[in-house]
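To start, the structure under review is shown below, and the notes come after it.
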Amino acid sequence: MVKSLRFVTLALFLLLLTVGVVGAQGESVLVIGWEQEPPKLSPWADNTFGSLIYGFTNRDLWDWDVNRQIYPIMAAEIPSFDNGGVVTLENGNTQVTVNLREGMKWSDGEPVTTADCLFWHELMMDPTKGSVQRGNYPDVVESFQVVDANTFVITYNKPWPDWSNDAPPACYLPAHVLQPVLDAEGTIDNAVFGSGEGVVGYGPYVFESWTVGSQITLVKNPLWDLEPAKFDKVILRFITDTAQMLNALEAGEVDVTFNWSDDLVDSYSAINGVEVFKTDGVYGDAIWMNVGNYKGTGQPHPMLGDPLVREAIVRAIDRVTIAEELVAPGVGVPKSWTPEQFWAPDLPFWDYDVEKANALLDEAGWVDSNGNGTRDKDGMEMVLRFFTTTRQIRMDYQVVIQEYLNEVGVGTQLLPVPSNILFASFNDRGILDTGDFDLAIFALSSNALSPAFSAPDWFGCDQTPNAEDPTGKNGWGSCNPEFDRLDLEVAQTVDPEKRLELAHQAQKEFFNMGFWHGLYLRPTWYAFDTTAVVVDENVKNLGTLAANYFNHIEYWQPAQ
Amino acid sequence: MGKYIIQRVLQAIPLVFIITMLVFVLMKIAGDPLAYLAQDPRVRPLDRLVLRAKYGLDDPMVMQFIYWVFGDEGVERPVDVDNDGETDFTTVGVRRGIIRGDFGESIRFRKPVTEVIGQFLPNTLLLGTTAFVVTIILSLVIGVFAALRQYTLADNIITAGTFITYSMPVFLLALILVQIFAIQFRRWGLPSLPVSGMYDPRGNQSIDELVRHMILPVASLALINIAGWSRYIRATMLEVINSDYIRTARSKGISERRVVFLHALKNASLPLVTLIGLNLPFILSGAVITETIFSWPGMGYMYINALDQFDASLVVAFVLMIAVAVVFFQLLTDVVYAWLDPRIRYD
């Protein structure tokens, strides 16, 4: 028996030692840790990691660099008033003429033409043809006219200064592949294209294979006619466990990880040969207050309905210090929901001021009359139900804010819940949609390229969900008709100077509603193995929008 | 025996039905599977309405369950896009129900559930079966070895080792193995083991790559079971080798090897059948924690992702599959038991 055991032990040890690393040599391969396997390769149906993959295989008509400068990709040039590509019609509506760059080919050799752009337009206009991220497109686009194989004209039904970034035209999907599917099935939702078969794109890489549960492999697209890709192959490796993603980078199994949470900065930075950097995010975590939809009644909140209480609560929290300590040094606190470059120079901000917070609460009539440490009024204790998702940084924020609020006699009940409960629809008794909360921390994305709030569903007076109309998103019951009017005007004002002036007024009206208070703009973190990738400015030039982490992947190059 | 089997199958039907119904209801009340679309301004409320109609999410709970079991072919669901009281378009149900083999469509994978399970099940069977075989062999070896050397230094070391291993949660054991054999070995310049997936992403999908990638997850799965099972075998083995018939065999001059492996081990292994029978269904379910930690593309990995994303169709189909497997293998265990031990009768 002893001999047998010795034999088994020796055999296991030898197996461990002798099985070496087997890798294909001679080609440059970039392995990116991918935290979530996409359900389908469908930019029309998924808003997360499926869309991101299109950064490798597909390109838009135009894009923006980190300095928010627009540059053409599929378009021959950026339409503008100066070159006649953008005109204001007699009725005031905006019309854009786009010329495609000549010679572009899909990865199967077929030419890219305006037929592809028309296909996308028709898909966007008809909800029965597929589950598409339509945004405003069907609401603001009036017509789409193909002039020839390289030119089309899109006409909006109103003045539309954001035509390039909000409801823009696109030529994203190959009509010659998907039109037959649409004709046969009436929808492209079930096209095998989305499952990784027969995928055709126009980008620096082309789809090669998808091993379900393991990885997606992309190879250089020989028909890509812009900046050539430097890596021969890019592999998106699915690793869903946070700790193992870190281990995989340290073990050399992946070269790049991204989109990990802020609390892992130190762990990633400690790995030898790994460089960490961040890009400013467009998702702004904020405190949202239920001001006008108390327990879903549509009535003012008994505590937060009072502007004095709202200001007191915000002044009791040192948001600048929390962002520095919990997120990262240098991470700022957003003053408004729209991007910083559009902020009014005199935009108000409630600084940390405990004395003022106490004074405001006293003035509002909330005092600790029974000496239990929590303020009360008319027999009601000031205890707020404070929700967030189970994302670690948000739960950390909750705990710290609870301490700050305790200091001024405001109690909180911390309630971290899964995001599908917090964001569930009204009919599924979603916490936000039904107004069943007092405070909440979460992020909603703004348009990084526009001064318009562009979210009437979330902020409009008539958008509080109820049993008759459950589709609105304004579960916190904010309402300021002047803001609604200004925001609508900002969205439709073409003159840039006038537009910015209106935007500044809208921001102040938004501030006056007092239900949204920025905490930090969630940065996107990246970690690179510097022995595998040259980390220069081209790599870090990741653009400004939410889903373009790899829109400059063609500039990434091997370290050796 | 035939009557007994029929009785057990009939008893199992309501049991499986109740389990399935409970899981279905729990998943349905747990949250909105389309909530992930709520934060994206590019997804209009209209598109959520269309998807909700397509998946029948606004149907009453009872009807959702009935449709899931019997299908919703031809059931029309009107969608009022602009909330003006008029139907703008209608979705028509196409599901045939689980009684006709249609387990519905996974909301997140947007594929038939059976297709999704078919993609992950083979990988789980490979990992689970390997771990299972390793567990049985090493448990027997260690259990018998410890029993034959009761209270010796070797036995005491094995006892201590098994208690430590058995008391360790699997995720901790897995992370310790990763730290030692993947991270530290690499730092020390030794050949290290991979931490994720079934193959090296840069390499070929060869057998030796597969073996290397299986070592840590198999070890994580097997070690804790080996610790428990080997104690069990040690105890039953001790009971058998101290019995009269073994003393008789030894007194007749039969060799020790023959006594141990032919007479003692055969009878000592009988209770192992119960252990194996109880654990076999869980080969199908995959090891949720181990597969997640090692990014092993199996049923556990699929299940945890489905649960995380509230993919009710996938979760309920998965639970139904495991419930059926548990019932089947328990029945099989009873039958095998009767076959191995003629004293057992079920009539």
For B:TYR151, indicate whether it is surrounded by fewer than 16 Cβ atoms within 10 Å (Cβ to Cβ) and more than 7 Å from chain A (Cβ to nearest Cβ).
-> yes
Hey, does segment B:259-282 have a residue that's within 13 Å of the chain's Cα centre (by Cα), of a type outside the set (A, V, I, L, M) and crowded, with 24+ Cβ neighbours inside 10 Å?
-> no
Selection from segment A:471-485 of residues that are over 24 Å from the mean Cα position of the chain (by Cα) and in a loop (DSSP other than H, G, I, E, B) | A:CYS479, A:ASN480
Are any of the residues in segment A:126-140 in contact with a strand residue (DSSP E or B) (Cβ under 8 Å, 6 or more places away or on another chain), in contact (Cβ under 8 Å) with a residue 24 or more places away in the chain and of a type in the set (A, V, I, L, M, F, W, C)?
-> yes
Starting from segment B:201-218, take each residue that is within 10 Å of chain A (Cβ to nearest Cβ) and list its partners that are in a helix (DSSP H, G or I) and of a type in the set (D, E, K, R), counting only C-beta distances under 8 angstrom and pairs at least six apart or across chains.
-> B:GLY203/B:GLU209
From the list B:ARG96, B:ARG44, which residue is of a type outside the set (A, V, I, L, M, F, W, C), modelled with pLDDT of 85 or more and surrounded by 14 or more Cβ atoms within 10 Å (Cβ to Cβ)?
-> B:ARG96
Which numbered condition A:ALA440 fails, given (1) in contact (Cβ under 8 Å) with a residue 60 or more places away in the chain; (2) in a loop (DSSP other than H, G, I, E, B); (3) crowded, with 21+ Cβ neighbours inside 10 Å; (4) not β-branched (Val, Ile, Thr) | (2)
Answer residue from segment A:28-55, given it is at pLDDT 70 or above and at the interface with chain B (Cβ under 9 Å from one of its Cβ atoms) and is farthest from B:LEU51 (Cα to Cα) among those | A:VAL29
Could you check, for segment B:264-274, whether at least one of its residues is within 14 Å of chain A (Cβ to nearest Cβ) and either at pLDDT below 85 or more than 30 Å from A:ILE239 (Cβ to Cβ) (or both)?
-> yes
Top-ranked residue of segment B:164-190 - restricted to ones that are farther than 30 Å from A:VAL254 by Cα and surrounded by 13 or more Cβ atoms within 10 Å (Cβ to Cβ), ranked as nearest to the other protein chains (Cβ to nearest Cβ) | B:THR165
Given the residues A:GLU468, A:GLU501, which is the only one that is out of contact with any His (no Cβ under 7 Å at 6 or more places or on another chain), within 11 Å of another protein chain (Cβ to nearest Cβ) and surrounded by fewer than 18 Cβ atoms within 10 Å (Cβ to Cβ)?
-> A:GLU468
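Residues are listed down the side, and each one gets a yes or a no for (1) buried (at least 17 other Cβ atoms within 10 Å of the Cβ); (2) within 14 Å of another protein chain (Cβ to nearest Cβ); (3) at negative phi:
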residue: A:ALA323; (1), (2), (3): yes, no, yes
residue: A:VAL331; (1), (2), (3): yes, no, yes
residue: A:SER336; (1), (2), (3): yes, no, yes
residue: A:TYR352; (1), (2), (3): no, no, yes
residue: A:GLU363; (1), (2), (3): no, no, yes
residue: A:LEU384; (1), (2), (3): yes, no, yes
residue: A:SER419; (1), (2), (3): yes, yes, yes
Test: residue in segment A:108-119 that is touching a helix residue (DSSP H, G or I) at 6+ places or on another chain (Cβ under 6 Å), of a type in the set (A, V, I, L, M) and in a helix (DSSP H, G or I) = yes
Please report, ordered by residue number, the helices (runs of 4 or more DSSP H) entirely within segment B:1-94 with at least 1 residues that are within 14 Å of chain A (Cβ to nearest Cβ) and more than 31 Å from the chain's Cα centre (by Cα).
-> B:45-54
Output yes when any residue across segment A:139-156 is assigned to a helix (DSSP H, G or I) and buried (at least 18 other Cβ atoms within 10 Å of the Cβ), and no when none is.
-> yes
Residue tally, condition surrounded by 15 or more Cβ atoms within 10 Å (Cβ to Cβ) and not aromatic (Phe, Trp, Tyr), over segment A:178-207 | 18
Give the residue that is farthest from A:PHE342 (Cα to Cα), with candidates limited to residues of segment A:449-461 that are within 12 Å of chain B (Cβ to nearest Cβ) and touching a strand residue (DSSP E or B) at 6+ places or on another chain (Cβ under 8 Å).
-> A:TRP458
Close pairs (9 angstrom Cβ cut-off, 6 or more residues apart or separate chains): more than 21 Å from A:TYR520 (Cβ to Cβ) and without any contact (Cβ under 8 Å) to a residue 60 or more places away in the chain in segment A:394-412, aromatic (Phe, Trp, Tyr) and crowded, with 21+ Cβ neighbours inside 10 Å anywhere | A:GLY409/A:TRP366
Mind checking whether some residue in segment B:121-132 is surrounded by 13 or more Cβ atoms within 10 Å (Cβ to Cβ) and touching a strand residue (DSSP E or B) at 6+ places or on another chain (Cβ under 9 Å)?
-> no
If you go through A:ASP396, A:ASP462, the only one that is surrounded by fewer than 21 Cβ atoms within 10 Å (Cβ to Cβ) and either of a type in the set (Val, Ile, Thr) or assigned to a helix (DSSP H, G or I) (or both) is A:ASP396
Flag if B:LEU51 is among the aliphatic types (A, V, I, L, M) and closer than 30 Å to B:ILE13 by Cβ = no
Strands (runs of 3 or more DSSP E) contained in segment A:162-275 and holding at least 2 residues in contact with a strand residue (DSSP E or B) (Cβ under 9 Å, 6 or more places away or on another chain) and away from chain B (no Cβ under 12 Å) = A:205-211, A:215-220, A:256-260
For segment A:2-25, indicate whether the set of residues that are more than 7 Å from every other protein chain (Cβ to nearest Cβ) and either in contact with a strand residue (DSSP E or B) (Cβ under 8 Å, 6 or more places away or on another chain) or modelled with pLDDT of 70 or more (or both) is non-empty.
-> no
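The values are calculated or read from the model by the stated rules, or taken from the named source; none is laboratory data. Please read these numbers as outputs of a predicted model, since none were measured by experiment. Here the Cβ is made from the backbone with ideal geometry for all residues, glycine too, and neighbour counts use every protein chain on show.
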